[in-house]
There are 2 protein chains.
Amino acid sequence: MRNTEDSNLAARATGVLLGRRLANREAESRRIGAFEGVPAMGLDAFGSVAYGPEAALTMLVPLGAAGLAYMGWITAPIIALLAILFLSYWQTIRAYPNNGGAYFVAKQNLGTSMSLFAASALMIDYVLNVAVGISAGVGALVSAMPALQSHALALCLGVLALITLINLRGTLDSGRLFALPVYLFVLSFAAIFVIGIVKALSSGGHPAPVVAPPPIDVGAHAAGAWLLLRAVAAGCTAMTGVEAVSNGVGAFREPQVKYGHRTLAIIVTVLGVMLACVAYLVPAYRVGAMDETLPGYQSVLAQIAAAAVGQGALYYVALITLLCVLALSANTSFVGFPRLCRIIACDGFLPKPFAQAGRRLVFSSGIVWLALCAALLLIVFDGITNRLIPLFAIGAFSSFTVSQIAMVWHWRSQRDGNAAQRRIALSINAVGACATATALIVIIVAKFTEGAWITLIVVPLVIALLRSIRRYYARVEQQAARAQPLALYNVQPPVVVVMVEDLSRLALKAVSLGMSLSPDVIAVHLTHVEGPDTEVEALRDEWEAQVADPARRANRTAPRLVTMTSQRRTLHEPLLKIVGKIEAEFPRRTIAVLIPELVKRRWYQRALHTYRGRRLRRRLLAVADPRMTIVSVPWKVDDGS
Amino acid sequence: MRNTEDSNLAARATGVLLGRRLANREAESRRIGAFEGVPAMGLDAFGSVAYGPEAALTMLVPLGAAGLAYMGWITAPIIALLAILFLSYWQTIRAYPNNGGAYFVAKQNLGTSMSLFAASALMIDYVLNVAVGISAGVGALVSAMPALQSHALALCLGVLALITLINLRGTLDSGRLFALPVYLFVLSFAAIFVIGIVKALSSGGHPAPVVAPPPIDVGAHAAGAWLLLRAVAAGCTAMTGVEAVSNGVGAFREPQVKYGHRTLAIIVTVLGVMLACVAYLVPAYRVGAMDETLPGYQSVLAQIAAAAVGQGALYYVALITLLCVLALSANTSFVGFPRLCRIIACDGFLPKPFAQAGRRLVFSSGIVWLALCAALLLIVFDGITNRLIPLFAIGAFSSFTVSQIAMVWHWRSQRDGNAAQRRIALSINAVGACATATALIVIIVAKFTEGAWITLIVVPLVIALLRSIRRYYARVEQQAARAQPLALYNVQPPVVVVMVEDLSRLALKAVSLGMSLSPDVIAVHLTHVEGPDTEVEALRDEWEAQVADPARRANRTAPRLVTMTSQRRTLHEPLLKIVGKIEAEFPRRTIAVLIPELVKRRWYQRALHTYRGRRLRRRLLAVADPRMTIVSVPWKVDDGS
């Protein structure tokens, strides 16, 4: 009967959309295993299979058909780097089973500055990933169905809203819901790649394509080291999203390390194998990158699929699931970002609501802010965020590098266990750190004029914001800190001021409550609140008869009635004047202002009453006079039902 | 120092837009005379000069050139009716100097049902007038500048916002601001009409037009009585807005009757003379109504002006001021509607905020609601509200008729003064009532299929709404009515429940306040509010040391500390459970829940804190347990400045 939740329409709608409010004790049953972990956290990595090799091949276009031969040489270091990252994060998850994100690891080993650098780089990366991922997915859909062209932004925002909603329901829900497209995507491309490779091997490396890819021009340029390095760097974008598991370890059920490891292993293996397959099939079937802006554009994966199995059912299943994976790749951010923000907020660098588990035991504030930032980017760039892609690998590689440097420090400071094992672990992380740092520098140099410089401005700004939030909390904490034990020298009852509009039952209830709190009760009646033409009721006689006389007969001090004109038709201005006089009259006493308030329970009641009580309370609270407290005396309007 | 007004940006913006908050004592200086009254209340009537004769002439189109001859016969009864209305409202203003609107007069003489009928007819009329007036003005502007065509709705809403804003500043402001276009309009058309009439008279009734109006077809039909009657009825739309003065008498300075009479006289005289001039000039210069939907359309007034003085400076001044008058004709509604609503609200048939003088001593609620309703109509009809015109005269003529019938009853019940004068007054109102009733019937019959039937549905609905509002207030009043004098049998101090999040200075302040209110203080500390993984602080030992021990040493009952887990991370659910237990433990005691609350004064503070205190207070108020009061203990976050 007391449960006001679900009492109104909005609450009921929230219940339908987000599901019922979960209890803390249900937390364990809401944790995920590897089956849900792979779709929840792997969408970004799997989507990378589409654009990583494509980005590398696009760099090779000036070389023409001769460029295809380099695909293996470009993919090999990427896969090696991926293997190093895998080992590195494997160790990180074991070393920091509660949270192995770059922020936390850097904080433990490198100090606050580096951890904030990693945090802001990663936060920016996550926001960009949402915008870029959705925009790429919707872009692919729109190029397949040109009728939707003019609704691209609306579609982007719709997909964003959907992903946001599902993640507000919980990571478990998103993992389960997205399992179908993700596993279908993996299976269908596995089938295509196996068929393609078998055909290639059985034909001695020169298979006949079912549908031939468009011919590739003879190149005009020779391969240079810088061009190949840029191609590697471009291909490295395939690795973004690998760190998501380390940030999301908290989502796994016990034993968290086991499920974290398993999920990471599946994601990285699938990603690595697919990249290797693409690298083998591209030169075998002579598939090149096409200009996205020209009509007749086909993506690299689409060309490979058509060449290997023709444009049948498998082709369409593969491409449709690829579209879903691209559009939903934002989900990885929705798993990682809120958990990252939570740890940052626990340290006081982000507002406290980010650290609070919401209705469904996920950190709703982080989810909502991520969605808002991404929506803003999508709206500003009108749903076409290609130009943000350069920015986006920088955040990921910054956090990779910081995270691995931190792990090097971690192993250096460790003293227990096998020293040889520690040395191996340390060298893996050291090699990884050098490799990702090199990739980061190449990306920044190569993409500097294309927008990478923006990151170099935004990251310091975010760090400054985080630091200023921390400073603010420190100041508030210092002010609120307990100075001394409870002081009991001033425990006289407060002087009670009761707002009396008329002598209704509600007003008498407030007066009676005031008399139970203190012997000193002053009733304040304001006139001309309605305007200059208000008729003034003769309240004083009634007051004597109904309040003062009964009080005297009960041998109690009769409450005083103060009448005052409200010149400007506000309640708080004359009331604050009266409070000031009372404060002077009763030094060292606190003052309790009693405000009778009608409680409206139906929408039409809300329209039919003035909100004087509520407004007065807000005004008085805003003044925050340390000697004044505000007492709300509720009175329910019976709805007659 | 205590003034929280103007403390933030929004308040300052309001100050700039609406002007400073006026004191009740300034009311007299805000009242208007006839100079401001004519623009404030006359805009609708003056705008009618444009569309009244045009509507009548449009009816005559089937008669062709022969129809022009009837213009005098059609205008004569309209002017006669106008004269009767003038006399009638002249008497009404004198008889009801405080408010002479149809609602009030009908209430005094005919009872509630008729007064509600008049009120709802008039309210609908006012809303329609705003939408139709603005849409007509913007329509004329758009047809002059076709580049604006696609922005018609935005222009309509912009004009509406402007008129709303100016009226929120006060009737005086609107009267002063609109004086220039109104008087310029009257003067320029007076000049045109005088020149036109002089030319016509001097040429023996057949003047040579400076710019000849487009030729008129020879008509195919003969004039029938029904057609002429419909033309009169159509022309009667020119009279809407005449009642505005009677509704707005409250806006005039003392002596109100004198300024009301003067304003009414000016408006009606100008309107009548202009109608007569148009009626004379139309056949003289052979001006006919043109089809508005065809290119090359010119309004009747534009044709007359061009024929009389040519398309020079005077022509353009006249047409531009006409455009302003049309677009601003909505202003009449903004003067009448809020004052009408105010009297209805005083009687309890409309929500109470309608009766409250706002910041600038006008009834802001009525103004805002009028604007919202009109905006809704404009948006629904996409800024083209021609089809609403038939509806709109019905409201006006219904209220004319009711008002005059009421005046007949008024004179019948009068006993003092000169009986012969009363008889004359009575017969004027009786004739007026018959005439307006006839016009009303003709309009309803003629326009029934064009939408007049909608009024017959909407008016009863509005009446039902007004009555249900009254019933609701009666029920609330009955519930709140004082049953007996102050009961003092239960004045034990309340049991105090203090929400304690930690042992900060703020929490200790709340505990100390609680102990000043009652010997029975129970502190409630909820854990796991952040989520299942929250670390639980060891509050109990601290509590003993900082609160319980000092209390015992001061020979006071030590407050109890109750710790409870919030399973669903809400504050109100566990708290209400505890309150339930306390209510059982202490029957007949009230319970005061103390909520410490951080007061945020800067926008960034708002973003950085949780709103737990505020949300908890809202939830507890919504429960409206009659034994529970909520005490807010404010604590200001120092902004460090």
Would you confirm whether or not region B:347-364 contains a residue that is β-branched (Val, Ile, Thr) and out of contact with any Ser or Thr (no Cβ under 8 Å at 6 or more places or on another chain)? no
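Conditions (1) crowded, with 23+ Cβ neighbours inside 10 Å; (2) out of contact with any helix residue (DSSP H, G or I) (no Cβ under 9 Å at 6 or more places or on another chain); (3) over 22 Å from A:TYR604 (Cα atoms); (4) modelled with pLDDT under 90, marked per residue:
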{"residue": "B:ALA330", "(1), (2), (3), (4)": "yes, no, yes, no"}
{"residue": "B:SER333", "(1), (2), (3), (4)": "yes, no, yes, no"}
{"residue": "B:GLY348", "(1), (2), (3), (4)": "no, no, no, no"}
{"residue": "B:PRO351", "(1), (2), (3), (4)": "no, no, no, no"}
{"residue": "B:VAL362", "(1), (2), (3), (4)": "yes, no, yes, no"}
{"residue": "B:SER365", "(1), (2), (3), (4)": "no, no, no, no"}
{"residue": "B:ALA371", "(1), (2), (3), (4)": "yes, no, no, no"}
{"residue": "B:ALA374", "(1), (2), (3), (4)": "yes, no, no, no"}
Number of the condition not met by A:PRO295 [criteria: (1) surrounded by fewer than 19 Cβ atoms within 10 Å (Cβ to Cβ); (2) touching a helix residue (DSSP H, G or I) at 6+ places or on another chain (Cβ under 9 Å); (3) more than 27 Å from A:VAL242 (Cα to Cα)]: (2)
Subset of region B:527-538 (residues that are in a loop (DSSP other than H, G, I, E, B) and of a type outside the set (Asp, Glu)): B:HIS528, B:VAL529, B:GLY531, B:PRO532, B:THR534, B:VAL536, B:ALA538
Can you name the residue in region A:362-393 that is among the β-branched types (Val, Ile, Thr) and within 20 Å of A:VAL249 (Cα to Cα) and is also nearest to the other protein chains (Cβ to nearest Cβ) among such residues? A:VAL362
Evaluate the following for A:GLN479: is it within 7 Å of chain B (Cβ to nearest Cβ), polar (S, T, N, Q) and within 16 Å of A:ILE591 (Cβ to Cβ)? no
If you take the residues in region A:517-551 that are of a type in the set (A, V, I, L, M) and exposed (fewer than 15 other Cβ atoms within 10 Å of the Cβ), which one is nearest to B:LEU22 (Cα to Cα)? A:VAL536
Leading residue by the ranking (nearest to the other protein chains (Cβ to nearest Cβ)) among those in region A:492-523 that are over 18 Å from B:LEU513 (Cα atoms) and of a type in the set (Asp, Glu): A:ASP502
What pairs come up if the first residue lies in region B:428-445 and is closer than 21 Å to B:LEU388 by Cβ and in contact (Cβ under 8 Å) with a residue 40 or more places away in the chain, the second is of a type in the set (Lys, Arg) and crowded, with 18+ Cβ neighbours inside 10 Å, and their beta carbons are under 7 Å apart, counting only those six or more places apart or on different chains? B:VAL442/B:ARG230
Just checking, which of A:ARG612, A:ARG606, A:ARG602 is surrounded by 19 or more Cβ atoms within 10 Å (Cβ to Cβ), at pLDDT below 90, more than 8 Å from chain B (Cβ to nearest Cβ) and over 18 Å from A:ILE522 (Cα atoms)? A:ARG612
Among what's in region B:55-88 and is modelled with pLDDT of 90 or more and not aliphatic (A, V, I, L, M), pick the residue that is farthest from B:LEU228 (Cα to Cα). B:PHE86
Within region B:544-558, residues being within 29 Å of B:LEU621 (Cα to Cα) and either touching a Phe, Trp or Tyr at 6+ places or on another chain (Cβ under 7 Å) or facing chain A (nearest Cβ under 9 Å) (or both) number 1
Please find, within region B:455-470, the residue that is farthest from the chain's Cα centre (by Cα) out of those that are surrounded by 18 or more Cβ atoms within 10 Å (Cβ to Cβ) and within 14 Å of another protein chain (Cβ to nearest Cβ). B:ILE469
Subset of region B:175-189 [touching a Phe, Trp or Tyr at 6+ places or on another chain (Cβ under 7 Å) and of a type outside the set (A, V, I, L, M)]: B:PHE185
Restricting attention to region A:402-414, which residues are β-branched (Val, Ile, Thr) and buried (at least 24 other Cβ atoms within 10 Å of the Cβ)? A:VAL402, A:ILE405
Quick count over region A:313-361, residues being among the aliphatic types (A, V, I, L, M), under 30 Å from A:PRO97 (Cα atoms), more than 14 Å from chain B (Cβ to nearest Cβ) and part of a helix (DSSP H, G or I), is 5
Residues of region A:88-109 being among the aliphatic types (A, V, I, L, M) and surrounded by fewer than 19 Cβ atoms within 10 Å (Cβ to Cβ), in sequence order, are A:ALA95
Being in contact (Cβ under 8 Å) with a residue 40 or more places away in the chain and either in contact with a Phe, Trp or Tyr (Cβ under 7 Å, 6 or more places away or on another chain) or in a helix (DSSP H, G or I) (or both) is the filter; apply it to region A:471-502 and report the residue that is surrounded by the most Cβ atoms within 10 Å (Cβ to Cβ). A:VAL495
For A:ASP541, work out the one condition from (1) free of Cβ contacts under 8 Å to residues at least 40 places away in the same chain; (2) in contact with a Ser or Thr (Cβ under 7 Å, 6 or more places away or on another chain); (3) more than 10 Å from chain B (Cβ to nearest Cβ); (4) not in a loop (DSSP other than H, G, I, E, B) it doesn't fulfil. (2)
Quick one: in region A:551-569, which of the residues that are aliphatic (A, V, I, L, M) and in contact with a His (Cβ under 8 Å, 6 or more places away or on another chain) is farthest from A:SER512 (Cα to Cα)? A:MET564
Exactly one of A:THR570, A:THR590 is within 8 Å of chain B (Cβ to nearest Cβ), of a type in the set (Val, Ile, Thr) and crowded, with 21+ Cβ neighbours inside 10 Å, and that one is A:THR590
Taking the residues in region A:20-54 that are of a type in the set (Val, Ile, Thr) and part of a helix (DSSP H, G or I) as candidates, determine which candidate is modelled with the lowest pLDDT. A:VAL49
Condition met for A:ALA355 (modelled with pLDDT under 90, crowded, with 22+ Cβ neighbours inside 10 Å and either out of contact with any strand residue (DSSP E or B) (no Cβ under 8 Å at 6 or more places or on another chain) or of a type in the set (Asp, Glu) (or both)): no
Filtering region A:524-538 down to residues that are away from chain B (no Cβ under 11 Å) and either among the acidic types (Asp, Glu) or under 21 Å from B:PRO485 (Cα atoms) (or both) yields A:VAL524, A:HIS525, A:GLU537, A:ALA538
Conditions: (1) modelled with pLDDT of 90 or more; (2) closer than 30 Å to B:ALA80 by Cβ. B:ALA439 meets all but one. Number of the miss? (1)
Just for region A:573-587: of the residues that are free of Cβ contacts under 8 Å to residues at least 40 places away in the same chain and at the interface with chain B (Cβ under 9 Å from one of its Cβ atoms), which one is farthest from B:LEU513 (Cα to Cα)? A:GLU573
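The values are calculated or read from the model by the stated rules, or taken from the named source; none is laboratory data. What you see is a predicted model, and the numbers here were worked out from it, not measured in a lab. Because the Cβ atoms are built from the backbone with ideal geometry, glycine has one as well, and the counts that use them run over all protein chains shown.
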